[in-house]
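Q: The structure follows.
The values are calculated or read from the model by the stated rules, or taken from the named source; none is laboratory data. Every value quoted in this text rests on a predicted model; they were computed, and no experiment measured them. We place every Cβ from the backbone using ideal geometry, glycine too, and count neighbours over all the protein chains shown.
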Amino acid sequence: MRALLLSVLVGSFCMLFSAEVAGIFKSVSGAVTVERADKSKTIPKAGDKFFESDTIRTAEKATAGLIFNDNTLISVGQKSEFSIKEYKFEPSEKKGRFVGKLGGGTIACMTGLIAKMNPESMKMESKTATMGIRGTYFVLEAE
């Protein structure tokens, strides 16, 4: 039993360090959860890191403010599900890629350096469409 617990803890610890840190939570209000790639769930607080492959879920009257490493700002509205499908940012090489998915609810986004360096590198998906980002600010809603 002890060996099993130790292997689970080591595996979870390794997953965190193998995933790409995408940014930090600027704000968290209400019931917000993060589901990691390994299906573990956490309750974030302001200042906590989030990673590529995380899914952020908000309950009714809950919101989350995200700051990505390239200074993209995303506000996740109430009763929403937002996934970070792909996030790579290499400022020294002026490269980056951002693919997000809105499973339901609302997000507001102010784009950062990835969209400025190469607009084709930032995409948002929803159940019925994929949107290439060409501007600096947008709101996306999906049911």
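Q: How about the range 17-59: which of its residues are in contact with a Gly (Cβ under 8 Å, 6 or more places away or on another chain), under 16 Å from Ile107 (Cβ atoms) and assigned to a loop (DSSP other than H, G, I, E, B)?
A: Within the range 17-59, Ala59 is the sole residue that qualifies.
Q: Let me ask something else. Among Ser40, Ser75, Ser83, Ser27, which is the only one that is over 19 Å from Ala142 (Cβ atoms), surrounded by 14 or more Cβ atoms within 10 Å (Cβ to Cβ) and polar (S, T, N, Q)?
A: Of Ser40, Ser75, Ser83, Ser27, the one residue that is over 19 Å from Ala142 (Cβ atoms), surrounded by 14 or more Cβ atoms within 10 Å (Cβ to Cβ) and polar (S, T, N, Q) is Ser27.
Q: Criterion first (over 30 Å from Lys95 (Cα atoms) and aliphatic (A, V, I, L, M)) does Ala46 satisfy it?
A: It is false that Ala46 is over 30 Å from Lys95 (Cα atoms) and aliphatic (A, V, I, L, M).
Q: For the range 60-91, give me each residue that is outside any strand (DSSP E or B) and at negative phi.
A: Step one: filter the range 60-91 for residues outside any strand (DSSP E or B), giving 60-62, 69-72, 77-80, 91.
Within the range 60-91, Glu60, Ala62, Asn69, Asp70, Thr72, Gly77, Gln78, Ser80, Pro91 meet the criteria.
Q: Also: With the condition being at pLDDT below 85, I'd like the strands (runs of 3 or more DSSP E) fully within the range 93-143 carrying at least 1 qualifying residues.
A: 130-132, 137-142
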